[in-house]
1. For region 1-13: of the residues being touching a residue at least 40 places away in the same chain (Cβ under 8 Å) and out of contact with any strand residue (DSSP E or B) (no Cβ under 9 Å at 6 or more places or on another chain), which is least open to solvent (accessible area, probe 1.4 Å)?
2. I'd like the full set of residues that are surrounded by 15 or more Cβ atoms within 10 Å (Cβ to Cβ) and farther than 18 Å from Glu73 by Cα, limited to region 14-42.
3. Looking at region 43-78 only, could you name the residues that are out of contact with any Gly (no Cβ under 6 Å at 6 or more places or on another chain), open to solvent by 30 Å² or more (accessible area, probe 1.4 Å), in a loop (DSSP other than H, G, I, E, B) and of a type outside the set (Gly, Ala, Ser)?
4. Look through region 1-35, keep the residues that are part of a strand (DSSP E or B) and within 8 Å of the chain's Cα centre (by Cα), and return whichever of them is farthest from Gly64 (Cα to Cα).
Amino acid sequence: MTTVKVYGPGCKRCETTAQMVRDAAASLGLEVEVEKVTDPKSIAMAGVMSTPGISIDGKLVHAGGLPDKNKLEDWLSA
């Protein structure tokens, strides 16, 4: 199972990003565990300088703004 962390303070963009991850995983037929990280210290320690940020299995793949749907699918299927 793939572990995806969405980093952010819990704003609308962060919620949308988490849902985009779930939708992309479902369209690819993948099982993912989506964890939302809202603690500012944890966000900074992950290297996220602007939110929302996304890490997949411990690798930071995106920071700042909503991710592109096609890129998100590429990251999940890699």
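The values are calculated or read from the model by the stated rules, or taken from the named source; none is laboratory data. The structure displayed is predicted, hence computed values, not measured ones. Heads up, the Cβs are rebuilt from the backbone with ideal geometry, glycines too, and the neighbour counts pull from every protein chain shown. The accessibility values were calculated without ligands, DNA or RNA, using every heavy atom of the protein model including side chains. Shrake-Rupley method; radii C 1.70, N 1.55, O 1.52, S 1.80 Å.
1. The qualifying residue least open to solvent (accessible area, probe 1.4 Å) is Cys11.
2. Within region 14-42, Lys36, Val37 meet the criteria.
3. Result: Met49, Asp57, Leu66, Asp68.
4. Out of the qualifying residues, it is Val34.
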